[in-house]
Each structure stands twice: as C-alpha cells, then as structure tokens.
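Below is one structure, written out as structure tokens, with a few remarks after it.
The values are calculated or read from the model by the stated rules, or taken from the named source; none is laboratory data. As the structure is a computational prediction, the values presented were derived from the model and not from experiment. Virtual Cβ from ideal backbone geometry, glycine too; neighbours counted across all protein chains shown. For accessibility, only protein heavy atoms count, side chains too; no ligands or nucleic acids. Shrake-Rupley method; radii C 1.70, N 1.55, O 1.52, S 1.80 Å.
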Amino acid sequence: MANIKKGDLVQVISGAKPERGGDRGKQGKVLEVLVEQNRVIVEGVNYVTKHSRVGQSQRGTKTGGIETMEAPIHISNVAVVDPETKKPTRVGHRVEEQVKDGVKRTVRVRYAKKSGKDL
C-alpha cells in the first residue's frame, strides 16, 4: 500500500532553500502519482517553463507559446503533512475491522505517526 496518494497534502523536505530559489518547505496537494518512475506532481512546487510549438486551431486561433507547469519530483523528497500539527510526518498502516451492511471486513487504514509533536 502506498504512503502517498493523489489528493494528499505533502511538504517538500529536501532540495534548495527558498532563498536560493528552491522549493524546500513548501506544501501542496498531490495532483498525480507516477508509480513507475517513483515521482509525484505537487501543486505549486517545481515549476518549469515549457515551450510549445505555435500552431492554429480549427477556428483559426493561435496556440502555443511559453507556459509554466509543475514538473515531477521524486517521492523520497516529499513527506505527508499531519492534519493536526501541519508538520511533515511518517505514515503507518493498521488493520481495522469495519461492519458494512452486516458484513465484517478487515481494512488497512493509513494514519499519521507521532512526529513533530512535543513529548
């Protein structure tokens, strides 16, 4: 079971500091998980400029030019944010039993481990 899923709030934990133009410390929502390449696309993180060829659509309008978009970042460089403390945390799994329509099922549930909290 994956630790990071689409829609999770994550924080960049490695890379250049913001004063040097990096993204470390930024938080954003996961837009896409690229499982084969072990990468994620995070909203507002790792912006790149992409040049697309100028062409014409069927209506005759010009398309193309320079656009900015999010590029993938390696999954080891992000950590899931704990919803209570708003700090990066590790993710654990536990097995719970759920009763739905009178049927018992065992389900693996993700939870934020204790980290970033004062002991």
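Quick notes on this one:
- Residue among ASN77, ASN38, ASN46 with the largest mean-square fluctuation in a Gaussian network model of the chain, springs linking Cα atoms under 10 Å: ASN38
- For segment 1-61, the set of trypsin sites (Lys or Arg not before Pro) satisfying both a DSSP loop assignment and a count of at most 10 other C-beta atoms within 10 Å is given as ARG59.
- Each label was represented as a point 7 Å from its Cα along the Cα-to-Cβ direction; for LYS62 and THR106 these points are 6.4 nm apart.
- Per residue accessible area in Å² of the chain, where ligands, DNA and RNA are left out and the probe is 1.4 Å: 76 Å²
- Sequence-distant residues sharing a close amide H with VAL42 (under 5 Å, placed H): LEU31, ILE73
- Each of the GluC sites (Glu not before Pro) that DSSP puts in a loop and that has at most 12 other Cβ atoms within 10 Å breaks the chain; the longest unbroken stretch is 37-83.
- Percent carbon-and-sulfur accessible area, segment 31-119, ignoring ligands, DNA and RNA, probe 1.4 Å: 47 percent
- Paramagnetic label zone (point 7 Å from Cα along Cα-to-C-beta, GLU96; backbone N under 20 Å) in segment 1-34: 1-9
- Relative to one another, the C-alpha centroids of segment 2-73 and segment 79-110 are positioned 28 Å apart.
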